[in-house]
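K.L.:
A single structure is presented below for examination.
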Amino acid sequence: MEFDFSPLLMNWRFLGNGVIVTILLSIVSAVGATMLGGTIGLARAYGPRWVTVPLAFYVDTMRAIPVLVVLIWTYFAFPLVAGITLPHFAAASLALILHIAAYVSEIVRSGVGSVRPGQTRAGLALGMSKAQVVRKIVLPQAIVRVLPAYGSILSITIKDTAIATVIAVPEFMHQSETIASQSLRPMEVFTTAMVIYFLLLFPVTRGVDRIYRRVAHLGRS
Amino acid sequence: MNYDWSVIWDFRSELASGVWTTIQLTFATMAVAIPGGLTIMLLRQSRFRLLSWFGTFFTEFFRNLPLILVIYWVFYILPTLMPNVDFPPFATGLVALALGVSAYNAETFRAGVNSIRKGQTEAAMALGMSRWQVMRKVVLPQAFRRILPMLASTWVSLFKDTSLVSVIAVADLTYTALEIRAKNYRILEMLTAMAVIYWCLGYPQAKFVDWMYRKIGVTE
Amino acid sequence: MNAGDPQGARKGSDKPPIVIYENVVKRFGTFTALNGVSAQVNAGEVVCLIGPSGSGKTTLLRCTNVLETIDGGRIVFEGAPIGSTPNQARAVRQRMGMVFQNFELFPHMTALENVAVGPLTVLGIDKESATRKAQALLDKVGLSTKGSNYPSALSGGQQQRVAIARALAMDPEMMLFDEPTSALDPETVGEVLNVMKKLAEDGMTMVVVTHEMAFAQRVGDWIVVFDHGRIVEQGPPQQIFDAPTEERTRDFLGHLGWTG
């Protein structure tokens, strides 16, 4: 059994563009999901019932449906109901943001809830408003406490970008598939793809781990 | 634009069979991945450098890869490794999913075992128990409470991830729904039906996991 | 005060010592916890290890039953040097009982099951005999009716007494105590010290790391004073507590507010 890695070398630019798209899609999705999920998490933790009930439904729905289904529906079905055309990258971003925000909201909600009530009472006793207590006392501690879970959500985000291949987003998985079928050398191409993805993902989880170890004491009350 | 939602009813038996495949795949994968994960975790704790390195490598490698890539990779590597065997796509999907989930389970077991205070292990060792006796009589019974909800959560994720094997033409719910869509062009109807069916199956599972964490989960 | 010992003759010195520590060295990374410690424990003696926190006394205790492996010197138990392989360690541990500061009862077993688990699992004794023995030991430590309780339903003092019974169930040659009363409420300290006193009167060889100076003075036969990984002074309680020869011993006892 001989290996031929030349198709990879010949198409390195094509594959490199795929990596760039993967990174771009990951960043867009992660940032969007964090902002949306953070807002939803806080809304569920502190909001009135008419807000928390529909949000709970949204979060539980995203936990129940595979991300592949959300991607496919967003790209193929959503334009039909909304009457617009959605380019690949935008559809993938929208789907990933909506899906992952649900998980972010869950950890924000539980993180905020894990800070001891005594901390809130201490803040109020100092004369702070509820909003100030949340912003200055509860949220910083909650963020530190959920860092490990957040790191794993970041990791999942990057992995989920690979699924966007099914709606023809030209990210790295898609480019690898193209080269693999063109060159008839799937073994070499996919094995290399595995190594590249590993190199992308491993530092993210390790990095979050390291940051957490530095700041963990700030979240212990 | 007119929608014909009755096509969902027309194809209900195909969709049901897709659901059945999804369910079978989930059960079969977990049946392999629980002992698999336990084995990998024990390898990782082994005193032999080679075995513990392999356990760590396996866990870290498969936890840091997209599952869809693993599926493609297994799809192409299995026929090369065993050229005379004819692998049905279901088996290929099963192997790929089992590899990934075993790695996650190994990590779950490791976290559960590590959560038990060192003093408990020492007290058991001070009585003269062997490492294996310490695990079986003292550590694992206590780690169980932390491990079970995490396994339930992994189960739900696995159930959703089975949708990925549709890319190698395993006739699960996703593949079936997409095939029907290709035949009758009822895009919105079929895709919505697919989402709703997953929702109906996945929502109670997610709620069950929540219940489990509340009931027997350990809070710090 | 200990009865009838002529000055200079240690208790149990007519028999071969149970444990001999020869120049024991233990390092944790760059920190040297034990810096050449030599001492011995005679049969039937109660040896109390005292000294400031971090002085090495707990480390020496943990090296005795190989919960830590030593980096230099050797420890001789019943005439044979202790090896460091897992099987050798297990053999040694079966002959020594250890009681921990945090009791470390197994929370998923009742008190009776905790006491019986050693004979059942390690010695392979049948369930009926092990249970009978466990009940007898619970009687001995004054907890006859608590057998079916889980540790969470017992007070600290009760848990520690169950822990002592659990260690005794293995019929050990000697008992190791790692600050057995440090985690207890003052009211329950007494009940545990009484059990230990009775054990000593019955002739058990004991090595006790403790801050309870009154106990060390009244029940101890030989006191070893630690500081910074070394033995500063060792001798009978009359010497250590009434007429210490070393400045550092006087300092340490002074800091504890010890007035004799």
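K.L.:
Helix C:86-95 versus the longest principal axis of chain C: what angle, 0 to 90°, nearest 10, using Cα atoms?
P.N.:
So the inclination is approximately 90 degrees.
K.L.:
Still on this structure, please answer the following. As a test of the formula, what do you get for chain B when each DSSP H run with n ≥ 4 contributes -39,500 (n - 2.57) and the sum is divided by the residue count, at 222 nm and rounded to the nearest 500 deg cm²/dmol?
P.N.:
-26000 deg cm²/dmol
K.L.:
Let me ask something else about it. Using every alpha carbon pair in the stretch B:97-220, what percent of pairs falls into each 5 Å bin from 0 up to the bin containing the largest distance?
P.N.:
2, 10, 15, 14, 13, 11, 9, 8, 6, 5, 3, 2, 1, 0, 0
K.L.:
What is the helix-to-structure angle for A:12-46, meaning the angle in degrees between its Cα long axis and the longest Cα principal axis of chain A, kept from 0 to 90 and rounded to the nearest 10?
P.N.:
So the inclination is approximately 20 degrees.
K.L.:
C:VAL24: net charge of surrounding residues, Cβ under 15 Å, Lys/Arg +1, Asp/Glu -1, itself excluded?
P.N.:
In short, +3.
K.L.:
Keeping all protein chains in position, work out how much accessible area B:GLU60 exposes to a 1.4 Å probe, and write it in Å² to the nearest 10.
P.N.:
Counting only protein heavy atoms, B:GLU60 exposes about 20 Å² to solvent.
K.L.:
Give the long-range amide H neighbours of C:GLU233: residues separated by 5 or more places, or on another chain, with amide H under 5 Å away, using H modelled in the peptide plane at 1.01 Å from N.
P.N.:
C:VAL225
K.L.:
Now, a different point. Run the quick spin-label model on B:ASP4 and B:TYR203: label points 7 Å from Cα toward the beta carbon, then report their separation in nm to one decimal.
P.N.:
2.8
K.L.:
Moving to a separate point now. Whose amide H sits under 5 Å from the amide H of C:VAL99, counting only residues 5 or more places off or on another chain, with H placed in the peptide plane?
P.N.:
C:LEU176, C:PHE177, C:ASP178
K.L.:
Moving to a separate point now. Between B:ALA91 and C:ASP126, with labels modelled 7 Å along Cα→Cβ, what's the label distance in nm to one decimal, could you check?
P.N.:
5.1
K.L.:
Related question: Starting from 0.36 nm per residue, how many nanometres of slack lie between C:ARG27 and C:ALA9 once their C-alpha separation is accounted for?
P.N.:
3.1 nm
K.L.:
Please give me the summed charge of the neighbours of B:ILE180: other residues whose Cβ is under 10 Å from its Cβ, Lys and Arg +1, Asp and Glu -1.
P.N.:
-1
K.L.:
Another one. In whole Å, what three semi-axes, largest first, describe the equivalent ellipsoid of the stretch A:37-162 built from its Cα gyration tensor (square root of 5 times each eigenvalue)?
P.N.:
34, 16, 11
K.L.:
Give the aspartates and glutamates reachable from C:LYS140 as a straight Cα distance under 19 Å; neighbours fewer than 8 places away on the same chain don't count.
P.N.:
Cα-Cα hits under 19 Å: C:GLU113, C:GLU128, C:ASP171, C:GLU173, C:GLU191, C:GLU201, C:ASP202.
K.L.:
Is the shape of chain C rounded, prolate or oblate, going by the alpha carbon gyration tensor and its root eigenvalues a ≥ b ≥ c, with a/c under 1.5 for rounded and a/b larger than b/c for prolate?
P.N.:
Prolate, because a/c is 1.5 or more and a/b exceeds b/c.
K.L.:
Could you tally the net charge around B:ALA123, taking each other residue with its Cβ under 9 Å from the Cβ of B:ALA123, Lys/Arg +1 and Asp/Glu -1?
P.N.:
-1
K.L.:
Pairs of alpha-carbon atoms within less than 8 angstrom and 6+ residues apart define the contacts here; what relative contact order does chain C have, in percent?
P.N.:
26
K.L.:
Can you pick out the pairs among C:LYS146/C:LYS198; A:LYS159/B:LYS160; B:LYS160/B:LYS183 whose Cα atoms lie more than 18 Å from each other?
P.N.:
Violating the 18 Å Cα-Cα cut-off are C:LYS146/C:LYS198; B:LYS160/B:LYS183.
K.L.:
Label the stretch C:72-112 by shape, choosing from rounded, prolate and oblate, from the square roots a ≥ b ≥ c of the eigenvalues of the Cα gyration tensor; if a/c is under 1.5 it is rounded, and otherwise prolate applies when a/b is larger than b/c, oblate when it is not.
P.N.:
Since a/c reaches 1.5 and a/b is larger than b/c, the shape of the stretch C:72-112 is classed as prolate.
K.L.:
What are the ³J(HN,Hα) values, in whole Hz, obtained from phi via the Karplus relation 6.51 cos²θ - 1.76 cosθ + 1.60 with θ = phi - 60°, for each residue of the stretch A:169-181 in sequence order, with x given for Gly and Pro?
P.N.:
For the stretch A:169-181, the Karplus-derived couplings read 6, x, 7, 5, 4, 5, 5, 4, 4, 4, 5, 4, 7 Hz, x marking Gly and Pro.
K.L.:
Sticking with this structure for a sec: As a test of reading the structure, rank B:CYS200, C:CYS48 by solvent-accessible area (1.4 Å probe, protein chains only), most first.
P.N.:
Ranked list, largest accessible area first: B:CYS200, C:CYS48.
K.L.:
Spelling out what I want: for every residue of the stretch C:203-218, take phi, set θ = phi - 60°, compute 6.51 cos²θ - 1.76 cosθ + 1.60 (Karplus), and round to whole Hz; glycine and proline get x.
P.N.:
x, 6, 6, 9, 10, 10, 8, 8, 10, 7, 5, 4, 4, 4, 5, 7
K.L.:
Additional query: Could you work out the Kirkwood radius for the stretch C:146-260, taking every pair of different alpha carbons, averaging 1/r and inverting it, reported in Å?
P.N.:
15.6
K.L.:
Related question: What is the percent of Cα-Cα separations in the protein assembly as shown that go past 50 Å?
P.N.:
The share of Cα pairs beyond 50 Å in the protein assembly as shown comes to 33 percent.
K.L.:
Output the antiparallel fraction of DSSP beta bridges having both residues in the protein assembly as shown, as a percent to the nearest 5.
P.N.:
55
K.L.:
Using just the helices of chain C, give the 222 nm mean residue ellipticity in deg cm²/dmol: DSSP H runs with n ≥ 4 each add -39,500 (n - 2.57), and the total is spread over all residues, rounded to 500.
P.N.:
-9500 deg cm²/dmol
K.L.:
Note the direction-averaged projected area, equal to a quarter of the hull surface, for the Cα convex hull of chain A, in nm².
P.N.:
For the Cα atoms of chain A, the hull's average projected area reads 15.3 nm².
K.L.:
Next question, about the same structure. Which value at 222 nm does chain A reach when only helices count, each DSSP H run of 4 or more adding -39,500 (n - 2.57), with the total divided by all residues and rounded to the nearest 500 deg cm²/dmol?
P.N.:
Calculated from helices alone, the mean residue ellipticity at 222 nm is -25000 deg cm²/dmol.
K.L.:
So what's the convex hull volume per residue for the Cα atoms of the stretch C:17-60, in Å³?
P.N.:
Considering the Cα atoms of the stretch C:17-60, their hull volume per residue is 66 Å³.
K.L.:
Just list whichever of C:LYS15/C:LYS57; B:LYS118/C:LYS15; B:LYS118/C:LYS197 have alpha carbons separated by over 32 Å in the model shown.
P.N.:
Over 32 Å Cα-Cα: B:LYS118/C:LYS15.
K.L.:
Okay, moving on. Provide the per-residue ³J(HN,Hα) series for the stretch B:53-65, in order, calculated from phi with Karplus coefficients 6.51, -1.76, 1.60 and θ = phi - 60°, each as a whole number of Hz, with x at glycine and proline positions.
P.N.:
Per residue, the Karplus-derived 3J(HN,Hα) values read 5, 4, x, 5, 4, 4, 4, 5, 5, 6, 7, 10, 10 Hz.
K.L.:
In terms of solvent-accessible area of protein heavy atoms at a 1.4 angstrom probe, what is the ranking of A:ASP60, C:ASP71, highest value first?
P.N.:
Result, largest first: C:ASP71, A:ASP60.
K.L.:
Follow-up. What order do B:LYS118, C:LYS57 take when sorted by accessible area (1.4 Å probe), most exposed first?
P.N.:
These residues rank, largest area first, as B:LYS118, C:LYS57.
K.L.:
If you don't mind, there's one more thing I want to ask. What do you get when you divide the Cα radius of gyration of the stretch C:2-98 by 2.2 N^0.38 Å, with N the number of residues?
P.N.:
Normalised Cα radius of gyration, the stretch C:2-98: 1.14.
K.L.:
With a ≥ b ≥ c the root eigenvalues of the C-alpha gyration tensor of the stretch B:6-216, is it rounded (a/c under 1.5), prolate (a/b larger than b/c) or oblate?
P.N.:
Taking the square roots of the gyration eigenvalues as a ≥ b ≥ c, the stretch B:6-216 is oblate.
K.L.:
Let me ask you something else. Connecting C-alpha atoms closer than 10 Å in a GNM of chain B, tell me which of B:ALA171, B:ALA182, B:ALA143 has the biggest fluctuation.
P.N.:
Most flexible of the set in this elastic network: B:ALA182.
The values are calculated or read from the model by the stated rules, or taken from the named source; none is laboratory data. Note that the structure is a prediction, hence the values are computed from the model and not measured. Cβ: placed from backbone, ideal geometry, glycine included. Neighbour counts: every protein chain shown. To get the accessible areas, we keep the full protein, side chains included, count just its heavy atoms, and leave off ligands, DNA and RNA. Shrake-Rupley method; radii C 1.70, N 1.55, O 1.52, S 1.80 Å.
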